[in-house]
1. Relative to the present Cα-Cα distance, how much length would full extension add between Asp62 and Glu4 at 0.36 nm per residue of separation?
2. Below 30 Å, Cα to Cα, which lysines can Lys38 reach? Residues fewer than 8 away in the same chain don't count.
3. In debye to the nearest 20, how big a dipole does region 20-67 give about its Cα centre with +1 on each Lys and Arg Cβ and -1 on each Asp and Glu Cβ?
4. List the equivalent ellipsoid semi-axes of region 20-67 in whole Å, largest first, each obtained as the square root of 5λ for an eigenvalue λ of the Cα gyration tensor.
5. Can you tell me how much longer the chain between Ser52 and Ile77 gets when fully stretched, taken as 0.36 nm per residue apart minus their C-alpha distance, in nm with one decimal?
6. Would you please calculate the Kirkwood hydrodynamic radius of the chain over all C-alpha pairs and express it in Å, rounded to one decimal?
7. Put a dot 7 Å past each Cα toward the Cβ at Ala31 and Val15; how far apart are the dots in nm?
8. Which loop GluC sites (Glu not before Pro) in region 40-83, with loop taken from DSSP, have no more than 12 other Cβ atoms within 10 angstrom of their Cβ?
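Where a number appears in this text, it was derived from the coordinates with a stated rule and is not lab data. These numbers come from a predicted model, not from an experiment. We place every Cβ from the backbone using ideal geometry, glycine too, and count neighbours over all the protein chains shown.
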Amino acid sequence: MRKEYDFSKGKRGPVIQPDPNKVRITIRLDADIVDYFKEQVHRAGGGNYQTSINRVLREYLDKKQAPLNEETLRRVIREELRATH
């Protein structure tokens, strides 16, 4: 290693700018949840467990926002009818 380096033209911050559509947050998750996603990434040969968590949340929201199909509607009606008796 050199004894002296020239950082006069250096810039602070990340080398690659973060995605502007992503929001940095602090969140507390159960350890077993994080372990599960880290293990899935490890088994897949690499990747990012946070990206995996984001993907699963996105899939959940996409399903939740999908229009009701007949099977789901019938199940909900049966459950509601049972609850009233």
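1. Values: separation 58, 0.36 × 58 = 20.88 nm, distance 5.40 nm.
In short, 15.5 nm is gained.
2. Lys22, Lys63, Lys64
3. I would put it at about 240 debye.
4. Working: eigenvalues 83, 42, 30 Å².
Semi-axes from the Cα gyration tensor: 20, 14, 12 Å.
5. In short, 5.6 nm is gained.
6. On the way: mean 1/r = 0.0547 Å⁻¹.
Every distinct Cα pair counted, the radius reaches 18.3 Å.
7. 3.4
8. none
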